[in-house]
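Below is one structure, written out as structure tokens; comments come after it.
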Amino acid sequence: GRSTVDESSLTGEARPVDKKAEDEVSGGSINVGMSRLLVRTTSTVEDSAVSRLIRLVEEAQSNRSPTEKIVDAFARTYTPAVVAMAGLMCTIPWFWGREVGRYWTLNGLIIIVIACPCALTISTPVTYAAGLAATAQKGGIVKGG
């Protein structure tokens, strides 16, 4: 048959493409014309353009960037140090009395809230994921760190 297909998910082309007998139709194309298309598969799903795109996006998301590695290494040392310091601040001063204990317990809790590296360790992968998603929506793929 003869029809029009939307290949924008694969090529980014905004306009539909005319297809006729013996033309190649990529997997993931959408028939937007008024007539039916009978297509013959020539490759497996693993070899399709959509599968290759999915693999590239998954690979880009699974590879950690140098920045993420640095932040994670920093957090592995920094977090236990902050928790240990806050724990000591919340326990040892109680030996000097109730008033001193309360004061330093409050300060210990403040240290945990202020010095918590959660924002730092979470912001890096979230930023990368958001960037990859925005790029993918515009038809681009980022490979590597």
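The values are calculated or read from the model by the stated rules, or taken from the named source; none is laboratory data. Nothing here was measured: the structure is a model prediction, and the numbers come from that model. We place every Cβ from the backbone using ideal geometry, glycine too, and count neighbours over all the protein chains shown.
Scanning the range 30-58 for residues that are farther than 28 Å from Ala129 by Cβ and touching an Asp or Glu at 6+ places or on another chain (Cβ under 7 Å) turns up just one, Val32. The residue pairs whose first member lies in the range 90-105 and is among the aromatic types (Phe, Trp, Tyr), whose second member is at pLDDT 90 or above, and whose beta carbons are closer than 6 Å, counting only pairs six or more residues apart or on different chains, are Trp94/Gly101; Trp104/Met89; Trp104/Pro93.
Elements of the type helices (runs of 4 or more DSSP H) sitting completely within the range 1-93 and holding at least 3 residues that are at pLDDT 80 or above and surrounded by 14 or more Cβ atoms within 10 Å (Cβ to Cβ): these cover 66-91. The C-beta contact set for the range 27-41 (first residue under 18 Å from Arg15 (Cα atoms), second residue of a type in the set (Asp, Glu) and assigned to a loop (DSSP other than H, G, I, E, B), distance under 6 angstrom, 6+ apart or interchain) comprises Ser29/Glu7. Test Arg76 against the criterion of being within 32 Å of the chain's Cα centre (by Cα) and assigned by TED's automatic domain parsing to the domain that holds Gly131, and give yes or no. Spelling it out, Arg76 is indeed within 32 Å of the chain's Cα centre (by Cα) and assigned by TED's automatic domain parsing to the domain that holds Gly131. For the criterion of being touching a residue at least 24 places away in the same chain (Cβ under 8 Å) and assigned to a helix (DSSP H, G or I), Ile111 passes.
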